Amino acid sequence: MTDGPAEGPPTDRESPVGRPVIRGDPTLTGEHAERAVAFDPDDPDRLAEAAETVRQFSQNTAGDPDNVYMLRGAAACAALVRGEGSYKAASERAGGDATVAFIRKWSRVHDLPRSIRRHVAKGEIAPTAAKHIARVAGEARPLLAWAALDHDLTVRQIRSVASTVNDGHTVEEALAAEGVTLGEMSMELSQNAYCELRRQAALEDVDPGRLVGEALEAYLDD
């Protein structure tokens, strides 16, 4: 694989790279939100700050290794790649232990969809797990993330699923190998909703999950 401008992270983000949408949300990161930095890849000063943050991040000297700290490091990696034009140039600019592989992995975490990064910020998906979720592409990313949440997958399991997907298998097949059924989740309903769901499913002679799925799809379509 070449390492030029075309090798920038394939982003699934809904917001510009470097903007602290998640890190700047006090409902997710509390007091850390006030200190969130926008690593603008087009601003020389912010790019220099991103390079320093990446170098410290690679050497684990930028602060306590909590989720917000890791998201900040990931944001700096992504912005540095954008600003320098390639992983290799970003690595050279940052120096320290910031290898191409290191910057690539964390840039991909920053480029995960906002819906997934929210769970990382809240501590519900470990940053080390997010690195493996980010290894897969397209729809496989949210499918793996939601399965990880619904089934309490370990980092080892997530890594295994990601590797299996990248070997050419579907997410469904990869999760099945770990004993997990894609789309299966547990939820609580009100007593009335639960009773009516069961009653209607019995009358129509269908699985309750089918009724829930059809109703949800209709709601989301609207």
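Being at pLDDT below 90 and open to solvent by less than 40 Å² (accessible area, probe 1.4 Å) is the filter here; which residues of segment 49-69 pass it?
62, 63, 67, 68, 69
Output the number of residues of segment 185-211 satisfying the condition of being assigned to a helix (DSSP H, G or I) and surrounded by 10 or more Cβ atoms within 10 Å (Cβ to Cβ).
Residues in segment 185-211 being assigned to a helix (DSSP H, G or I) and surrounded by 10 or more Cβ atoms within 10 Å (Cβ to Cβ): 15 in total.
Does residue 176 meet the test of being free of Cβ contacts under 8 Å to residues at least 60 places away in the same chain, outside the structural domain of residue 71 (by the TED database) and open to solvent by less than 90 Å² (accessible area, probe 1.4 Å)?
Judged against the criteria, residue 176 is a match.
Kindly indicate which of 121, 147 is open to solvent by less than 30 Å² (accessible area, probe 1.4 Å), under 20 Å from the mean Cα position of the chain (by Cα) and without any contact (Cβ under 8 Å) to a residue 60 or more places away in the chain.
After ruling out the rest, the residue left standing is 147.
Filter segment 99-117 down to the residues that are more than 17 Å from residue 55 (Cα to Cα) and surrounded by fewer than 17 Cβ atoms within 10 Å (Cβ to Cβ) and list them by number.
Those that are more than 17 Å from residue 55 (Cα to Cα) and surrounded by fewer than 17 Cβ atoms within 10 Å (Cβ to Cβ): 113, 114, 115.
Is it the case, given these coordinates, that residue 153 is under 30 Å from residue 186 (Cβ atoms) and crowded, with 24+ Cβ neighbours inside 10 Å?
No.
Being in a loop (DSSP other than H, G, I, E, B), surrounded by fewer than 17 Cβ atoms within 10 Å (Cβ to Cβ) and at pLDDT 85 or above, is that true of even one residue in segment 14-28?
Scanning segment 14-28 turns up no residue that is in a loop (DSSP other than H, G, I, E, B), surrounded by fewer than 17 Cβ atoms within 10 Å (Cβ to Cβ) and at pLDDT 85 or above.
Quickly run through segment 63-104 and pick out the residues that are within 17 Å of residue 45 (Cα to Cα) and within 21 Å of the chain's Cα centre (by Cα).
72, 73, 75, 76, 77, 78, 79, 80, 81, 82
Just the residues that are assigned to a loop (DSSP other than H, G, I, E, B) and either under 17 Å from residue 216 (Cβ atoms) or not acidic (Asp, Glu) (or both), please, taken from segment 168-184.
Within segment 168-184, 168, 169, 170, 177, 179, 180, 181, 182, 183, 184 qualify.
The values are calculated or read from the model by the stated rules, or taken from the named source; none is laboratory data. Values in this document were obtained by computation on a predicted structure and should not be read as measured data. Note that each Cβ is placed from the backbone with ideal geometry, even for glycine, and that neighbours are counted across all protein chains shown. Surface areas here come from the heavy atoms of the whole protein model, side chains and all, with no ligands, DNA or RNA. Shrake-Rupley method; radii C 1.70, N 1.55, O 1.52, S 1.80 Å.
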